[in-house]
Every structure is written in C-alpha cells, then in structure tokens.
Amino acid sequence: MRIWRLVAAVGVVLLAGSLSAEDARAVIAEASRTMGVVDLTAVTLAGTAAYGNFGQSRTLSFGLTSTTIGNYNRTFDFARGIAHSIGVAEPPGAPNGVPPGPFDDLITPASPGVKRLEIWTTPWGFLRGAAAASKLTLKTQTVDNVRYKVVSWTTPFGASSGRPYTIAGYISPAMIVDKVETWIDHPLMGDLEVMFNYSNYQDAAGLKVPTKVSQKNIGMEVYVAQFAFAAVDPSDLDELLQPTTVPDVAAVPSPMLSKPLAPGVHLITGGPGGYDALVVELKDSVVILGGGGTEAAGLALVAEARRLVPGKPIAFAVNMHGHFDHAMVLPAFASAGITILTDDPNRYFLQESLNTPRTLVGDAFAKSRQHARVESVVEKRVLGDAARSIELHHLKQVPHADGMLAAWLPKERILFVSDIEAPAAGEPLTPSIVALQQNLDRLGINFETFISNGPRSTPPLSRSEFMARLSQAVRAGER
C-alpha cells in the first residue's frame, strides 16, 4: 500500500508538471494570437528614446543623468536574430554615457548574449522565443493588483559563464505582455535583475505595439522610449538593418609598464584597462591605488604589484570613485582576497554589488568563492606607518561624482586623483578642477607631483606645470 501511494503521488506530480507545461504553451499561443505575433517576422519602430547613464552618473543609485536620442528608429528581425537602432544623440549627452552625435547600435547572432537579449525581451521576441523553447514554466503572480500569468523560458545562447539566461514574461488577463524580466551578466554587479515595462499598446496592421517602453536595472530606469510609428514586416528590412556608421576599431592595448616615482612608489600605465594606478610599498604590505577598465586589467595589476613587491601581501586596493569604468577591476581584487577601500557614499552599493550571486558571470571572483570586503573612508583614513603613509581624503562637492577620494603621499608629496585632469592648452577650467583646488586649499595639501587616472593615460605633472595650466585656462576664459 505504501509503495502504491508513493507511485500514485509521483504520477500526480508528473501529470501536474505536464499539464503546467501544456498550460504554459496554451497561454503563449493565445497571447501570440491576441498580439498578432503568430506570423510576425520583423517590425520597425520610430520615435524618441533616452539612455540613462547607469553607473556613470554623479550618484551610483537613483537620479541618473540621461542622453536623449532623436529621430530614433529601432528594427527587429526575429527570423535572423538581428536588431538595429539608429538616431541622433542630442547634446550635451550624459557625461561618460552616450556621446552626442550619430547613434548606431547593431545586434547580430555574433553579438554577446547580453546584447542578444535585447531582441528576445521585447514583447514579440519573448512570445516567439517561448513558442520555440523546449521547456516552459508557468505560475501566477499579482503585481500592482493585476493577476499575471508568468511564463518563463531559457535562451539557447549563454551568458559569459556559459549558463543560459532565463526570461520571464508577465501576461495580463487581456493576454498582453505587460512586463518582461530577465537577469544579465554584469561585470561588477553579478546577476543583475532587469525589468522591461510595456504600456499604452496600439494596433499596427494587426500587431499590438507598446507606445511606451521602460527598462529598469534593479529599479533604476536606464532606458525609455516613446514610439509614434510602427511598420510590420517592412519591405525595406535589409536596408533598415544596414549600419549607417563605420564601427570603431578597438584600440590595441599598450603593454603594462611600471615606472618608479620614488623608492617603493610605482606608477603603472597601459595594460588591458589603460587606467593608471599606483603601487605603494609599506613596511609590511602593499597598497594599490586606482586602476580601472576590466577584470583582465585588475588581474594584471595584481600580478604586477606582486612582481614589483614580492613577498608582501596586498592589503588594500583603493577605489578612487565609484563609476563603473573604475569599479570593474574590483571583482579581480576581491578574487585575490584584497580588502577594497572606497569613499563612504559608495561603500554600500559596491559591497552589495560585489556580493550578489555571479552565476551568469563566471569570472575569477565567481570561481574564487571569496566574499568581498569593502570598507569606507569617512573624511580621512591613513594607511602605513612613520616610514611612509598614504592619506585618503574625501573630496567635497566635486561635480564629477559624489564619492571621490584623493590619495596623498606626504613624504613624496604625490597627489593622486581620478578623472580630474589639468586643462590642456586652450581648454577652460572645468567645475571639477575648480572643486579639486578648493578641496586642496581646505586640506592644506601642497603637492609636488600631480597624477590623475582615467580612460587615457596622462603623464604626471609638476606643481609648477599644473598651476601654469590653471592660469592659462583662467586667462582663456577671460578673453
């Protein structure tokens, strides 16, 4: 009797699972008919859009700056897995985000999985992908008092770890796809939740088309589009999918080089990231200041620090500010068990980001199974001893970012900052360089060598040259 009951229970579970899968396919079929997707091959949309400056705005969390894209046209070819977006990014653009000028974004089957997801997270791509998927799951979920049928499927292509993505579509009682949710592989933030909201549907030759699209990454709106026109299976599809600009050729990275600035102080330039860094030797340990770019850059910087100062552990790596281009190296530092120091406004965001599950990323940090240790610099923190010290100072009211540090080596009189450069000939003073000078006056820092690390390597400046550039910029602004 016990064996019979067990077999019966297993049969019920299997039958329920089978019915659930059949129910999911029935939901997808009905939604596809309702939305006019059954025979859809391609669609092109026109309107305006805006891209939020995720990870590169003054704040790391909410309040992102954005770039508006005018004459925005977006075309999807679901049969071939291609998408093409064009437009004009309006000035001034978001700092460190989409630059002003022609906007051209082409996605093909050869693109990284995180880009290909943009096709299959559209309402039509979701339904077509679900119809072709070998396995579907179905559940019900209430969101904002709407009872949704939530159907999920996994992609035939993988993330950087090789693991497929999961896409979940929220289908309303009217059998319309209102939301699509997925998780992407983010180099800093691990498995990053992304939610697309589709609203204000209109009919275009039988196809249901949302006139408003919004994308939110962990609740922050990073993309919004308003569409005023849609064409189904356009006759000029091949022309719409052709790039309108010549893609940039990736620059070949220069080799990583180290240069002694003083005994035990090394300037690192070049390498996979191209962001300058300092390796500073203390009595019993080593500190890395700066860096940026990619995981490969972080791993190379750790290796170079160990080569320059063998036998001493790397105790700290200092994140000079939280912008993602500077923070992408942090997972590499965490994988080596290095404690990360950052300005206090960044600490919680960076710590939570680094310790999010990384099943889709598959990087060295994910494989190390380490837990990232992130500590704050509140106004000031001093590392080192009587022989050599590193002072880390919070910089106040710098427009570039809220959480910025300056590293000051009093013995060597070296000042190290990030993304604040002395103006070149003919350039005006930037608000950030003015704010830096005000902070240096407040802190009483009288440096002899000025170094800034950013996307391009810049040689160290003597104090006299730094001040001469500021004076030239002031005179240029007065003319």
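The values are calculated or read from the model by the stated rules, or taken from the named source; none is laboratory data. Because the structure is a prediction, the values reported are computed rather than measured. No Cβ is skipped: glycine too gets one built from the backbone with ideal geometry, and neighbour counts run over all protein chains shown.
Some notes on this structure:
- Residue within segment 413-420 that is farther than 25 Å from residue 298 by Cβ and modelled with pLDDT under 95 present: no
- Complete set of residues in segment 41-53 that are crowded, with 22+ Cβ neighbours inside 10 Å and either of a type in the set (Val, Ile, Thr) or in contact with a Leu (Cβ under 6 Å, 6 or more places away or on another chain) (or both): 43, 52
- Condition broken by residue 411, with the remaining ones in (1) part of a strand (DSSP E or B); (2) under 17 Å from residue 266 (Cα atoms) satisfied: (1)
- Subset of segment 202-220 that is within 24 Å of residue 183 (Cα to Cα) and among the charged types (D, E, K, R) - its residue that is surrounded by the most Cβ atoms within 10 Å (Cβ to Cβ): 216
- Helices (runs of 4 or more DSSP H) contained entirely in segment 308-401, each with at least 3 residues that are in contact (Cβ under 8 Å) with a residue 40 or more places away in the chain and touching a strand residue (DSSP E or B) at 6+ places or on another chain (Cβ under 8 Å): 344-354
- Some residue of segment 228-247 being surrounded by 15 or more Cβ atoms within 10 Å (Cβ to Cβ) and out of contact with any strand residue (DSSP E or B) (no Cβ under 7 Å at 6 or more places or on another chain): no
- Which listed residue is out of contact with any Asp or Glu (no Cβ under 7 Å at 6 or more places or on another chain), without any contact (Cβ under 8 Å) to a residue 60 or more places away in the chain, assigned to a loop (DSSP other than H, G, I, E, B) and buried (at least 20 other Cβ atoms within 10 Å of the Cβ), from 433, 445, 420: 420
- Restricting segment 54-82 to residues that are closer than 16 Å to residue 121 by Cα and not charged (D, E, K, R), the residue that is surrounded by the fewest Cβ atoms within 10 Å (Cβ to Cβ) is 79.
- Among the residues of segment 371-401, those that are surrounded by 15 or more Cβ atoms within 10 Å (Cβ to Cβ) and over 25 Å from the mean Cα position of the chain (by Cα) comprise 381, 383, 384, 388, 389, 390, 391, 392, 393.
- Checking 350, 395, 429 one by one, the residue that is in contact with a helix residue (DSSP H, G or I) (Cβ under 9 Å, 6 or more places away or on another chain) and under 22 Å from residue 186 (Cβ atoms) is 350 and no other.
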